[in-house]
Amino acid sequence: MKITLRTALLVLLYALIVLLQYNLDADKTATRQLKNALELAVHDAALAVDPISLAEEGKIVFLDGEQLPNGRRLDDTAIENFKKSLEMNLNLTSAGGYVYSPKENSFFKNDIYVPYLEFIDDSHPLAQNGYGFTYSNEEFQIDNLKINGPSVVAIIITESPRWFQGEPIYIRQAAVYEYKR
């Protein structure tokens, strides 16, 4: 009887360890995939610069749909590049806005949110006195981010796709792509 109880306890302990391992592996994989996809997305967004501002004034201005001081409105190519990159790299769909739903064969099982996306370029009010400033945003817990050139800053959040039920783990990743000056 002693051997049977010991064996049952070891089997139960093994099952618990396997359960924890699967969940930890899912958390690590989801975190890595979100970080990689977000870094690619901010890079792709940063590639969309206004050729007129670059050619005439030597300024990097992202095509983020803003209106320039001279009255000219830019298209939103940078935002579209960002969205398409996330959709392609994480296997997601979006009906609009910054909420993405995973496709059937995606690793993720819950909606993915982009609560923060900011383009800091040569037309941004913070960059009017030049670069080399410290950027902070208390709402999104961005603190003491050194900006040395035109940048794209983004944050992405989702619930980890755990295999076994337990406390939900929310994954939050941030990425910055910067043109150094």
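The values are calculated or read from the model by the stated rules, or taken from the named source; none is laboratory data. Fair warning: this is a prediction, and the values are worked out from it, not measured in the lab. Methodologically, a virtual Cβ is constructed for each residue, glycine included, from the backbone with ideal geometry; neighbour enumeration extends over all protein chains shown.
Before moving on, here are some points about what is shown:
- Output for the stretch 84-102, where each listed residue is buried (at least 16 other Cβ atoms within 10 Å of the Cβ), in contact (Cβ under 8 Å) with a residue 12 or more places away in the chain and outside any strand (DSSP E or B): SER85, LEU86, GLU87, ASN89, LEU90, ASN91, TYR98
- Residues in the stretch 106-117 that are in a strand (DSSP E or B) and surrounded by 18 or more Cβ atoms within 10 Å (Cβ to Cβ): ILE112, VAL114, LEU117.
- Output for the stretch 111-141, where each listed residue is under 24 Å from ILE171 (Cα atoms) and in contact with a Ser or Thr (Cβ under 6 Å, 6 or more places away or on another chain): ASP111, ILE112
- When the test is whether a residue is modelled with pLDDT under 90, surrounded by fewer than 17 Cβ atoms within 10 Å (Cβ to Cβ) and not acidic (Asp, Glu), PHE164 passes it.
- Some residue of the stretch 168-179 being in a loop (DSSP other than H, G, I, E, B), within 23 Å of PRO69 (Cβ to Cβ) and not acidic (Asp, Glu): yes
- Only listed residue being over 16 Å from the mean Cα position of the chain (by Cα), assigned to a loop (DSSP other than H, G, I, E, B) and among the hydroxyl-bearing types (Ser, Thr, Tyr), chosen from SER123, SER136: SER123
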